[in-house]
Amino acid sequence: MTLSTSRAGRRTPDGDWLLRLRWGALFGQAVLLTYVAHGLGLRLPLGPLWSVVGLGFLVQVGIQIWLGRGGRLTQGSVFAILCLDSLLLFGLLALGGGPHNPFSIFLLVNLALAAVLLRGTQCWGLVIFNLALFGGLFLIPEDAVSGLQLPDHASLMTLHLRGMWFAVAAAAFFIVYFVQRINRALQAQAAALAEARREQARTERVRGLATLAAGTAHELSTPLSTIAVASAELERALSTVQPSSLPEGSLDDVQLIREQVRRCREVLQQLSVEAGHPLGEQLATLELTEVVSRALASLPGAERVRWDPRSSPSAQVTAPHRALVRTVRSVIKNALQASAGNQMVAASLELTADAAAVVVVDHGVGMDDEHQLRAFEPFFSTREPGEGMGLGLYLGRGLAEQLGGELTLSSRPGEGTRVTLRLPRRVAAAPTPKTAPDEEGRAA
């Protein structure tokens, strides 16, 4: 069962759930009417009683057609349906013994649903309406009730008490069962809302870091450019001077300054990219073997990765090149850092009819259940400070979900970790494969 929110902000059940509830009520009425008329041998006005049940059936079909044509449940429509159900129940009670009918307690079922689904004014309005209907049962003339040819008073009281037990049991079942279902649906929606809020908070943190990184890069670009230009001019001037007249190592120092300036620029750009502020790039059709090979290029420790592109199956996906290479590189880098000494890491491709997966397996320290639950949180990392921002898996999962795939992780302490990046395979109508410059493949 699911719930929707009306304009007034109150929860209302979806059409399918309400239809199932009302079909169950009609079925129960038909079974009960058949049992009372034939099983207990009471002479009841079956024609009018079945007419009321038939009217309820026609109304049910009408509601189903209305919902099937795009009708939506609102506070007003739910209130009207519950009032109609109370009227139909009143008709059955009036024709089936009036105030002596123990199943009048079923009026409380509608009130229980109203307490959950309706606003205060409408809920209390339904309470007053049902009390008025119940009071109307006492206005039925005694000769109309005696015309049902009921047993004598003692037999009637015994039958009434037995009927009360069944009525209370049935009403209690309906009230507890459906109210619990509604509460479970409300709890599920509350949990989903809480998770959405947590995800939004994590996203805001990433956006904040992206803004900080972009601002830092902007503020530092001018002084870094000035240092780069000045050091280049200084290196050019020193190159024209006799080496014997220069202090020892001065030219090397200038070259070191230029190298470190270039390094600072790369760090600022990488910080912006890892913070979720990537440079714009279009989707391209990529060969996964090439993506993995580029991810391994110039990666420290890549010699410990078992990867053979020649024996790997060919698989193409549609994705942004740099972002996908960065995600694969981050996964492999995590596996290498989790593997002590000379432990090997395995990278391979797995194919299904409609998906292709990059699988990275290490035999390192592994993760316990708590760490696995937090592995995809932004800024979560088990490594030492300065060795990573804790955004690789978080951004990788976001990329995979945007592309219609998934990034999953399974691990056991002391046995290693298996990370699977699964993406939809390229369809036949996709663009022709594109390759990217080497510097894009080297961006981590």
Hey, could you check the stretch 19-58 for residues that are of a type in the set (A, V, I, L, M) and more than 25 Å from C83 (Cβ to Cβ) and say which is modelled with the highest pLDDT? L46
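Conditions (1) touching a residue at least 24 places away in the same chain (Cβ under 8 Å); (2) assigned to a strand (DSSP E or B); (3) surrounded by fewer than 15 Cβ atoms within 10 Å (Cβ to Cβ); (4) in contact with a strand residue (DSSP E or B) (Cβ under 8 Å, 6 or more places away or on another chain), marked per residue:
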position: V292; (1), (2), (3), (4): yes, no, no, yes
position: R310; (1), (2), (3), (4): no, no, yes, no
position: V317; (1), (2), (3), (4): yes, yes, no, yes
position: L324; (1), (2), (3), (4): yes, no, no, yes
position: I332; (1), (2), (3), (4): yes, no, no, yes
position: A335; (1), (2), (3), (4): yes, no, no, yes
position: L349; (1), (2), (3), (4): yes, yes, no, yes
position: V358; (1), (2), (3), (4): yes, yes, no, yes
position: L373; (1), (2), (3), (4): no, no, yes, no
Got a sec? Which of S155, S104 is at pLDDT below 85, assigned to a helix (DSSP H, G or I) and in contact with a helix residue (DSSP H, G or I) (Cβ under 8 Å, 6 or more places away or on another chain)? S104
Report whether or not L73 is closer than 28 Å to Q180 by Cβ and in a helix (DSSP H, G or I). no
Condition check: in a helix (DSSP H, G or I) and more than 34 Å from the chain's Cα centre (by Cα). Does L87 satisfy that? yes
Looking at (1) over 25 Å from A115 (Cβ atoms); (2) surrounded by 12 or more Cβ atoms within 10 Å (Cβ to Cβ); (3) at pLDDT 75 or above; (4) basic (K, R), which one does R181 not meet, given that it meets all the others? (1)
So which residues in the stretch 120-151 are at pLDDT below 80 and surrounded by 15 or more Cβ atoms within 10 Å (Cβ to Cβ), if there are any at all? I140, V145, L148, L150
If you check V365 against the conditions, is it modelled with pLDDT of 90 or more and either surrounded by 15 or more Cβ atoms within 10 Å (Cβ to Cβ) or not in a helix (DSSP H, G or I) (or both)? no
For the stretch 294-308, give me each residue that is touching a helix residue (DSSP H, G or I) at 6+ places or on another chain (Cβ under 7 Å) and assigned to a helix (DSSP H, G or I). R294, A295, L296, A302, R304
In the set V325, V305, the lone residue that is at pLDDT 85 or above and in contact with a Gly (Cβ under 6 Å, 6 or more places away or on another chain) is V325
Determine whether T34 is surrounded by fewer than 20 Cβ atoms within 10 Å (Cβ to Cβ), part of a helix (DSSP H, G or I), among the β-branched types (V, I, T) and more than 43 Å from the chain's Cα centre (by Cα). yes
Please go through the stretch 107-141 and pick out each residue that is touching a helix residue (DSSP H, G or I) at 6+ places or on another chain (Cβ under 8 Å) and not in a helix (DSSP H, G or I). L118, R119, F138, I140
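The values are calculated or read from the model by the stated rules, or taken from the named source; none is laboratory data. As the structure is a prediction and not an experimental result, all values here were calculated from the model. Quick reminder, even Gly has a Cβ in these numbers, built from the backbone with ideal geometry, and neighbours come from all protein chains shown.
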